[in-house]
Every structure is written in structure tokens, then in C-alpha cells.
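The values are calculated or read from the model by the stated rules, or taken from the named source; none is laboratory data. As the structure is a prediction and not an experimental result, all values here were calculated from the model. No Cβ is skipped: glycine too gets one built from the backbone with ideal geometry, and neighbour counts run over all protein chains shown. Quick note on the areas: whole protein, heavy atoms, side chains included, nothing else; ligands and nucleic acids left out. Shrake-Rupley method; radii C 1.70, N 1.55, O 1.52, S 1.80 Å.
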Amino acid sequence: MTESLYQRLGSAEGITAIVDDVLDRHAVNPLLAPRFSDKDLTRSKQMATQFFCMGAGGPQTYEGLDMRAAHAGMNISEQELIAAMDDFVAAMQGHGVGAVEVNEVVAMLYSLKAEVLRL
């Protein structure tokens with residue numbers, strides 16, 4: 001039986017480490033930092049970890065807003081989306097995630113494009 005993406009990313013522990021790294025990167029990324037300056041980063045990390053775990057096939061339940069509601073009124077640009085995805089790639093590579101898994105996550109994130117851009 002093939003392992004789920006959740007398992008291949010290190011289950012909850014591995015995904016939590018990746019998400020923490022990603023949001024720390026977002027907080028200092030010149031394109032994204034202004035969006036995080038007044039946010040509760042701990043809460044953002046918790047919600048993003050739940051979302052990522054569930055989306056990767058884990059048993060967690062995501063308790064936050066759907067992506068459209070969470071990003072409503074933010075007017076996120078394509079450049080910001082790419083910057084966010086670049087932060088994900090860098091974080092995953094930094095945690096030793098393989099190319100196959102990185103590509104799966106990028107595809108998963110890209111599939112949310114219509115839910116987050118220019119809302």
C-alpha cells in the first residue's frame with residue numbers, strides 16, 4: 001500500500017515543522033510580510049497546519065474558514081501567490097522533503113488559486 005502524502009511528509013510532526021518554517025518565511029518575505037505584521041502568527045500556524053494535514057490525507061479536521069472566506073477582501077496578487085508557494089518549496093526542501101512530494105504540494109497549493117486570488 002502506498003503511503004499518503006501526509007505520511008510521506010512526516011505526519012503531524014513533519015507537517016507542523018514545515019508549516020512553522022513556511023509562516024516564519026512569509027513573515028520576512030518582502031512580498032508577504034505586510035500581510036502578517038498584525039496577524040496572530042501562532043494561530044495562523046495552527047490553522048495552516050490543520051488545513052495542510054487534512055489536505056495531505058491526515059486525520060485532522062480543519063476548523064478554520066474555507067479558503068475563499070479566509071482570503072476575502074485581501075486582493076491577493078499572482079505574485080504573492082507565487083512568493084507563498086516559493087516559501088513552501090524552500091521550507092520543504094530545507095526539511096529534506098523529496099521532489100515528488102514537493103511537486104504534489106505545489107499542485108495542491110496551485111489548485112487553490114481561484115479560492116485566494118483577487119477576492
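Here are some notes:
- Reported count of residues in segment 34-48, each being closer than 13 Å to Asp24 by Cβ and open to solvent by less than 100 Å² (accessible area, probe 1.4 Å), is 5.
- Single match in Ile76, Ile82 (criterion: among the β-branched types (Val, Ile, Thr), closer than 17 Å to Pro34 by Cβ and touching a helix residue (DSSP H, G or I) at 6+ places or on another chain (Cβ under 6 Å)): Ile76
- The residues listed here are Gln50, Gln7; of these, the one that is part of a helix (DSSP H, G or I), of a type in the set (S, T, N, Q) and either under 19 Å from Tyr110 (Cα atoms) or touching a Ser or Thr at 6+ places or on another chain (Cβ under 7 Å) (or both) is Gln50.
- When the residues of segment 92-115 are filtered to those that are outside any helix (DSSP H, G or I) and not β-branched (Val, Ile, Thr), the one that is nearest to Glu3 (Cα to Cα) is Gly98.
- Flag if Leu23 is within 17 Å of Glu101 (Cα to Cα) and crowded, with 19+ Cβ neighbours inside 10 Å: no
- Qualifying residue in segment 56-67 (condition: assigned to a helix (DSSP H, G or I) and open to solvent by 60 Å² or more (accessible area, probe 1.4 Å)): no
- Filter pass, Met85 being in contact (Cβ under 8 Å) with a residue 40 or more places away in the chain and out of contact with any His (no Cβ under 9 Å at 6 or more places or on another chain): no
- Which numbered condition Thr2 fails, given (1) within 15 Å of Glu104 (Cα to Cα); (2) open to solvent by less than 70 Å² (accessible area, probe 1.4 Å); (3) not in a helix (DSSP H, G or I): (2)
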